[in-house]
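Since the structure comes first, as structure tokens, the remarks are kept for the end.
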């Protein structure tokens with residue numbers, strides 16, 4: 001086993017530490033189950049050698065033997081039940097702890113990590129891989145612990161019966177261990193490939209489902225089906241390799257050793273019978289113990305595949321848990337507050353991939369209460385301004401100041417509370433309308449939820465819903481129109497009463513009638529608040545105090561709507577494209 005795998009195994013076992021007391025009880029029950037099971041062959045041996053063969057049918061002794069045998073089996077059933085119950089309970093608790101830990105860590109990762117990691121891969125690690133790890137605790141660990149104790153009990157019983165044959169049986173242990181080692185070495189790469197292909201399969205499935213409308217519009221079903229079949233076939237091929245290995249080294253190999261062992265034991269008893277009488281009870285008990293010896297061995301061999309899958313899965317999960325690309329955190333002491341909402345970018349340079357700068361030495365100043373807009377062609381860097389102001393990413397160089405204080409010095413909670421963000425694609429969570437406006441913040445009262453909805457005129461459609469604010473919201477708000485989802489998103493932002501508003505193409509998916517209502521609401525929202533609007537439609541930002549025109553990561557023009565039209569530069573050309581025939585009127 002490599003150092004990495006030993007480390008992963010040690011880490012898996014460390015999750016058991018909080019459950020030492022429960023493990024101790026489970027182990028006691030396990031020992032009890034083993035001892036009572038070992039008593040069975042001994043009692044039958046006693047019946048054969050002391051009663052059946054010598055024809056000694058003392059009724060009192062036979063009744064005692066029967067009662068002891070019955071009690072032993074009843075205790076075995078009880079101890080086995082308690083043993084399994086405790087081990088399984090511990091296993092499920094451990095996996096529950098691990099899943100919560102993984103999920104909590106994923107929430108702390110930066111958006112740059114999610115930019116480069118397919119969603120299907122993440123889902124596979126959090127669900128499929130932790131499920132495989134669950135099998136380690138539920139099936140593998142409990143099976144191995146139980147069967148190791150069982151094997152020790154069998155060997156002790158064998159030595160009590162016949163030392164010479166028991167010593168011979170010890171030879172079986174290194175043979176079985178060698179088979180296990182061979183299987184583990186051969187299967188490691190196979191199971192890693194299976195897990196990797198499963199991640200690719202999930203990623204492909206996630207992509208095709210999320211883009212199903214595009215797939216159907218452009219009639220890409222055949223291509224997507226072909227690509228999915230190719231990925232699925234690779235996963236199938238990887239799985240077949242593991243099945244072939246399992247078929248060769250798991251049950252068949254142990255069965256062969258089992259048969260050889262029985263034959264040798266019978267042969268040795270036959271040789272001894274030529275020299276001196278052999279007790280039938282001893283022969284029965286020893287053959288019975290040989291059979292029982294291979295029962296736990298076979299169980300452990302059959303669980304080796306689960307063990308290997310768990311090691312591979314744990315490596316993938318721990319790799320995710322050890323991911324260092326965390327979301328930006330507060331630097332320095334103190335807890336500065338966003339009071340006025342004055343914003344300044346000083347020579348800010350930023351790159352998503354560390355290679356190509358998407359913002360280049362950008363500087364601008366937004367005074368308290370001002371409304372500014374960023375416009376430009378796709379890929380010019382507009383939305384990146386929003387991402388950096390919300391501190392989703394760390395900047396490469398320069399400074400971002402709020403009220404004269406570096407953005408890095410603010411707590412994340414303060415930034416999220418005082419800067420309200422509305423995106424182009426409003427995301428709604430499963431729950432109800434009220435919860436999506438409140439965002440599960442119980443400090444926001446029902447009355448404040450309704451006031452926020454009225455403020456952005458979302459109450460117009462909400463109050464027409466069957467259960468109004470209690471109306472159920474399905475996944476991603478699919479039952480609502482894009483305009484309705486956006487209105488709820490506006491209400492959600494207003495409910496927190498932010499100092500700064502950031503609107504990223506916030507009216508792009510809204511029809512003209514709804515947009516007129518939103519624009520009216522926005523005029524009220526902007527009063528006393530600093531507003532940054534990222535816009536594609538220039539008609540929505542003509543009244544901005546200042547407009548910044550971006551191109552290739554730089555601010556190439558700045559001024560009011562009229563000033564920029566007068567310059568007849570990039571903004572002028574963009575406006576001309578969007579407002580053919582109305583330029584003279586605008587001038």
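The values are calculated or read from the model by the stated rules, or taken from the named source; none is laboratory data. Computed from a prediction, not measured in an experiment: that's the story for all the values here. Every residue, glycine as well, gets a Cβ built from its backbone with ideal geometry; the counts of neighbours run over all protein chains shown.
Is it true that some residue in the range 148-159 is more than 27 Å from residue 84 (Cβ to Cβ), over 33 Å from the mean Cα position of the chain (by Cα) and assigned to a helix (DSSP H, G or I)? Looking through the range 148-159, at least one residue is more than 27 Å from residue 84 (Cβ to Cβ), over 33 Å from the mean Cα position of the chain (by Cα) and assigned to a helix (DSSP H, G or I). All of (1) exposed (fewer than 12 other Cβ atoms within 10 Å of the Cβ); (2) part of a helix (DSSP H, G or I); (3) modelled with pLDDT under 85 hold for residue 56 with one exception: (2).
Determine whether residue 379 is assigned to a loop (DSSP other than H, G, I, E, B), within 35 Å of the chain's Cα centre (by Cα) and within 19 Å of residue 556 (Cβ to Cβ). When the stated conditions are applied, residue 379 passes them. Being in the same structural domain as residue 146 (by the TED database) and at pLDDT 80 or above is a property that does not hold for residue 45. Can you name the residue in the range 117-147 that is in contact (Cβ under 8 Å) with a residue 12 or more places away in the chain, surrounded by fewer than 18 Cβ atoms within 10 Å (Cβ to Cβ) and more than 12 Å from the chain's Cα centre (by Cα) and is also nearest to residue 199 (Cα to Cα) among such residues? My answer is 118. When the range 384-413 is filtered for residues that are within 23 Å of residue 488 (Cα to Cα) and modelled with pLDDT under 85, only 413 remains. In this structure, residue 83 does not qualify as under 30 Å from residue 206 (Cα atoms), at pLDDT 75 or above, in a helix (DSSP H, G or I) and in the same structural domain as residue 207 (by the TED database). On the given criteria, is residue 437 surrounded by 14 or more Cβ atoms within 10 Å (Cβ to Cβ), free of Cβ contacts under 8 Å to residues at least 60 places away in the same chain and touching a helix residue (DSSP H, G or I) at 6+ places or on another chain (Cβ under 8 Å)? Yes; evaluated as a whole, the condition is true for this residue. The one condition from (1) at pLDDT below 85; (2) in contact with a helix residue (DSSP H, G or I) (Cβ under 6 Å, 6 or more places away or on another chain); (3) farther than 15 Å from residue 470 by Cα that residue 427 does not meet is (2). Consider the range 213-228 and keep the residues that are modelled with pLDDT under 70 and surrounded by 12 or more Cβ atoms within 10 Å (Cβ to Cβ). The one that is nearest to the chain's Cα centre (by Cα) is 215.
Per-residue answers, yes or no, for (1) over 29 Å from residue 367 (Cα atoms); (2) surrounded by fewer than 18 Cβ atoms within 10 Å (Cβ to Cβ):
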position: 391; (1), (2): no, no
position: 395; (1), (2): no, no
position: 415; (1), (2): no, no
position: 426; (1), (2): no, no
position: 453; (1), (2): no, no
position: 462; (1), (2): yes, no
position: 470; (1), (2): yes, yes
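Here the range 1-34 is the region considered, the condition is being touching a residue at least 40 places away in the same chain (Cβ under 8 Å) and not in a helix (DSSP H, G or I), and the residue that is farthest from residue 90 (Cα to Cα) is 1. For residue 484, the conditions (1) within 23 Å of residue 538 (Cα to Cα); (2) at pLDDT 75 or above; (3) touching a strand residue (DSSP E or B) at 6+ places or on another chain (Cβ under 9 Å) are fulfilled apart from (3). So, residue 544, is that one under 24 Å from residue 504 (Cβ atoms), part of a loop (DSSP other than H, G, I, E, B) and modelled with pLDDT of 85 or more or not? The answer is yes for residue 544.
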